Amino acid sequence: MDERFGPADQFVPLAELSADLQKDSVRARLFVEGLTNKTVAAELTVTLDSKTVTQRVSIKPGLNPYEAHIEIDSPRLWWQSVMAVNTGTPCNLP
């Protein structure tokens, strides 16, 4: 790990599924703390459903959010089996 910034403090996935259920847009938001008083160049790499995206970011001093964006064609749909009977209806994530 680079000593100029800490590990990701929090990961927040933000997903939007198209109305026809054929495309998913996911923003991976990570909160990272810059541990120096200078901005540090870094790369944020996210892998989802066998697709990898790398976003160049500048880690600023303090705790800040950084995002990478992934588009998934024909996403696998899921539902929480503990919440309801399997109807094949996808779960919409906020």
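Here, each number is a calculation from the coordinates, and none is a lab measurement. On a predicted model such as this, the values are computed, not experimentally measured, just so you know. Quick reminder, even Gly has a Cβ in these numbers, built from the backbone with ideal geometry, and neighbours come from all protein chains shown.
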Express the Stokes-Einstein translational diffusion coefficient of segment 5-73 in µm² s⁻¹, to the nearest whole number, given a Kirkwood radius over alpha-carbon pairs, 4 °C and a viscosity of 1.567 mPa s. 100
Within 12 Å, Cβ to Cβ, of Arg76, how many net charges do the neighbouring residues add up to if Lys/Arg are +1 and Asp/Glu are -1? -3
Cα-centre dipole for segment 5-73 with unit charges at Cβ (Lys and Arg positive, Asp and Glu negative), debye to 20: 380
Counting other beta carbons within 10 Å of each residue's own, what order do Phe31, Phe11 fall into, fewest first? Phe11, Phe31
Setting aside same-chain residues fewer than 8 positions from Lys51, which aspartates and glutamates have a Cα under 12 Å from its Cα? Glu71, Asp73
Whichever lysines have a C-alpha closer than 20 Å to that of Lys60, once near sequence neighbours (fewer than 8 apart) are set aside: Lys38
